[in-house]
Amino acid sequence: MSTLFPSPTTLPVWQQLATLAAAPQPHLRDRLAEPGREQQMQASAAGTGIRIDFSRQALDGTVWDALMDLARQAGVERQRDAMFRGDVINTSEQRAVLHVALRGTPGASGSDAPWGADIQQQVQTELDRVCAFADRVRAGTVKGSTGLAITDVVNIGIGGSDLGPRMAADALAPLCSDGKSGVRVHFVSNPDAWALHSTLRGLDPLTTLIIVASKTFTTQETMTNAASARRWLLDAGIEGAAQSPHLVAITAAPQKSGAAGYPAEHTFTFWDWVGGRYSLWSALGLPLAIAIGSKAFREFLAGGQAMDAHFRSAPLDKNLPVILAMSGVWNRNFLLCPTQLLSTYPSRLVRFAPFVQQMDMESNGKRIRKDGQPCNTDTGPIIWGGLGIDGQHAYFQLLHQGTHRVPVEFVGVLNEDTPLPLAAEHHRVVNLNLRAQAQALAVGRDEASTLQALMAEGMSAEQAEVFVSQRSFKGDVPSSTIWLDALTPHSLGALIALYEHKVFTQAAIWGINAYDQWGVELGKTMAKQMEKQ
Ligand SMILES: O=P(O)(O)OC[C@H]1O[C@](O)(CO)[C@@H](O)[C@@H]1O
């Protein structure tokens, strides 16, 4: 196994990169002054509506070529093909990793469905069930125990069984509804009683559908909330078999949900080869499909599929997931930046950073390699972030003048079509801020320019001397900007797949298994032991 997954630090190119990083580095201000840099350091993926501008990364052509060599020598392409083929790449759990199959083109075969016809068929059958059910809920033909149409759906789940559908529903539901009519979709993840209570207290049990989303159907937090929601139904006089119309299970363990009384016709399944944090594309996407409708849900899947096609075929140096991953490796392993900020400017992407945080940190927060040897280099960074404009008025001060160097991934949307009279002005302000922050973080403001600026404000030369260092900006903060043509179901699907493949590529470089999560087990085990005591 060690020859298949060589420790990256044993590769000569790793040493070359270390030497390049140790050499004096030009300031980003000077790099950006190089003619043609901004045009050259852009890449897009056909059919996804996504372009990345990585001209503000603190690297040059020599570093870039070495990073591409590293990706080649670490076997990124070989490992990618193994994933799409359905090889058992999650070795510690002996599972394939095939969330990519969930967004395969319907009816595809051969190299368009390298995971094989059986999986393609299973996926298609379950997707059709999910879509049909979602549309029936939206049409008001799914009825509660007294024959009243369902008006509210409560998704109970946590981690991967919550973050993805919740994030995507926030991003897309406003686009797919008028905000006044239609079924409302709610999400509860936290077992603190207030989380469930504050959702349920506004709802009518007779018109509420409870979805319990859990891959394992054993997660304590979810089971606690599910039991409490069923008690709420009971207290409203909905008991025994009458609860069935109000209950839905989404799980990879249907025997467990069946034993707990969830009706088979309301049980939607997925498979052990779908990791929880990669499961939004599966039946776990049902609450999203209810929120946006099956047509938009299928467009969302197609967006993910378009990014898969790009990831499988684009040359490494034009490959968007590889570009994000390798600039991240440069920042993490060679410029020694421990964190990565994800800063989204469209407000509908309010939950994108927490979603990516789980995807990345639960995947690449590992210190042991696939071959059982310790990683002798840093692995996944701390991912943090949120809405960019709000961040500007909260933590951006630290980015500009604190002692940390925090690489940033900005996400922006080029075209917004919001039915508000002054929408164009809102949009202009948002993107102006994104561009200004990326530029300010990169170029900063040196003391000479600051002195001039202070004197232009009316300060005397003596006063300006006192304040000049506090009012200067070091700059040289690396960033990339991911531009979406528009925020649609299709482009969101592509954006999520972009991040999935970024995480995959970094794991391939570090030689770690991105698809297990043994780290979260110890706390769970201890909670069980303490419960017994
Ligand atoms: O879907 P389940 O089995 O309830 O698990 C929920 C979450 O718990 C974890 O296993 C650990 O936090 C995640 O990977 C998963 O998304």
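Here is how the numbers come out for the structure above:
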item: Pick from the range 505-533, criterion aromatic (F, W, Y) and within 16 Å of the ligand (Cβ to nearest atom), ranking: surrounded by the most Cβ atoms within 10 Å (Cβ to Cβ); result: Y515
item: One residue from L454, L414, L387, L422 being open to solvent by less than 30 Å² (accessible area, probe 1.4 Å) and at pLDDT 95 or above; result: L454
item: Search result, residues across the range 240-254 that are free of Cβ contacts under 8 Å to residues at least 24 places away in the same chain and within 11 Å of the ligand (Cβ to nearest atom); result: none
item: Where L336 falls short, out of the listed (1) more than 24 Å from L434 (Cα to Cα); (2) within 22 Å of the chain's Cα centre (by Cα); result: (2)
item: Some residue of the range 287-298 being within 16 Å of the ligand (Cβ to nearest atom), surrounded by 16 or more Cβ atoms within 10 Å (Cβ to Cβ) and among the β-branched types (V, I, T); result: no
item: Residues within the range 136-155 that are part of a helix (DSSP H, G or I) and open to solvent by less than 60 Å² (accessible area, probe 1.4 Å), tallied; result: 1
item: In the range 258-269, residue farthest from the chain's Cα centre (by Cα) [restricted to those that are open to solvent by less than 20 Å² (accessible area, probe 1.4 Å) and within 16 Å of the ligand (Cβ to nearest atom)]; result: Y262
item: Yes/no for E77 being outside the structural domain of L495 (by TED's automatic domain parsing) and away from the ligand (no atom under 16 Å from the Cβ); result: no
item: Test result for A229, buried (at least 21 other Cβ atoms within 10 Å of the Cβ) and closer than 25 Å to A291 by Cα; result: yes
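Let's see how each residue does on (1) within 16 Å of the ligand (Cβ to nearest atom); (2) assigned to a loop (DSSP other than H, G, I, E, B); (3) over 31 Å from the mean Cα position of the chain (by Cα):
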| position | (1), (2), (3) |
| --- | --- |
| H186 | no, no, no |
| H197 | no, no, no |
| T222 | yes, no, no |
| A229 | yes, no, no |
| I238 | no, yes, yes |
| K256 | yes, no, no |
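The values are calculated or read from the model by the stated rules, or taken from the named source; none is laboratory data. A quick note: this is a predicted structure, and the numbers were derived from the prediction, not measured. Every residue, glycine among them, receives a Cβ derived from its backbone with ideal geometry; neighbour counts consider all protein chains shown. In case anyone asks, the SASA skips ligands and DNA or RNA and just uses the protein heavy atoms, side chains included. Shrake-Rupley method; radii C 1.70, N 1.55, O 1.52, S 1.80 Å.
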